[in-house]
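The values are calculated or read from the model by the stated rules, or taken from the named source; none is laboratory data. The shown structure was predicted, so the numbers you read here are calculated from the model rather than taken from an experiment. Here the Cβ is made from the backbone with ideal geometry for all residues, glycine too, and neighbour counts use every protein chain on show. Protein only, heavy atoms only, side chains kept; ligands, DNA and RNA dropped before computing areas. Shrake-Rupley method; radii C 1.70, N 1.55, O 1.52, S 1.80 Å.
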Amino acid sequence: GVPQNLYIIGTMNTADRSIALMDIALRRRFEFIEMLPDLEVLDGLEVDGINIKLMLEKINQRVEYLYDKDHTIGHAYFMSLKDNETLEELENIFKNKIIPLLQEYFYDDWEKIRLVLGDNQKDENYQFIKAKKYDIKSLFGDKNNDLLDIDEVPKIYEINKEAFKDSQSYVKIYK
């Protein structure tokens, strides 16, 4: 048996569907409490004029609208900023955690990722993800256009590394 004063606390990411059978088994045997991102723990946290709480709140509103509330981004991703309130730390969080997470959520649908980050409303210099521009004629030549049968030039995206270094790129997510 298990003593009555023993509590086992575990976490499970509802976005991970690969453990669905285990999830069902655990839900039959244990009590679950939903824990959504707690934006209050980010109160007063600012990095180079970037209000982290407002930024995460706007990102999560967009994720919830485009996907669902189970995929909102947790406050824990930003807790390292409490000890290291630098733009470099925020850049690291976005490059190594937030962008890859959004890529996974939206299956590399860069248009949706751009919407979540507000890139569709920013000048190109502040966009984290921007459309790569190609000159089709110089790429394939004038004579091969009928062979390509391209009605619309496909959009190919690239990560704008310079945007991560500019605080306005982050501010413009929520303003």
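Annotations for the structure displayed:
- Region 24-44, subset over 21 Å from residue 116 (Cα atoms) and among the aliphatic types (A, V, I, L, M), residue most open to solvent (accessible area, probe 1.4 Å): 35
- Given (1) open to solvent by 80 Å² or more (accessible area, probe 1.4 Å); (2) under 23 Å from residue 159 (Cα atoms); (3) without any contact (Cβ under 8 Å) to a residue 12 or more places away in the chain; (4) not aromatic (Phe, Trp, Tyr), index of the condition residue 48 fails: (3)
- Selection of first residues in region 1-28 that are under 27 Å from residue 102 (Cα atoms) and part of a helix (DSSP H, G or I) and of second residues that are among the hydroxyl-bearing types (Ser, Thr, Tyr) and modelled with pLDDT under 75, restricted to Cβ pairs under 9 Å at least 6 apart or on distinct chains, gives the following pairs, ordered by first then second residue: 23/14.
- Residues that are within 10 Å of the chain's Cα centre (by Cα) and farther than 23 Å from residue 33 by Cα, drawn from region 49-61: 59
- Candidates in region 81-111 are the residues that are more than 20 Å from residue 169 (Cα to Cα) and in a helix (DSSP H, G or I); of these, the one that is most open to solvent (accessible area, probe 1.4 Å) is 104.
- Flag if residue 70 is assigned to a loop (DSSP other than H, G, I, E, B), loosely packed, with under 13 Cβ neighbours inside 10 Å and of a type in the set (Asp, Glu): no
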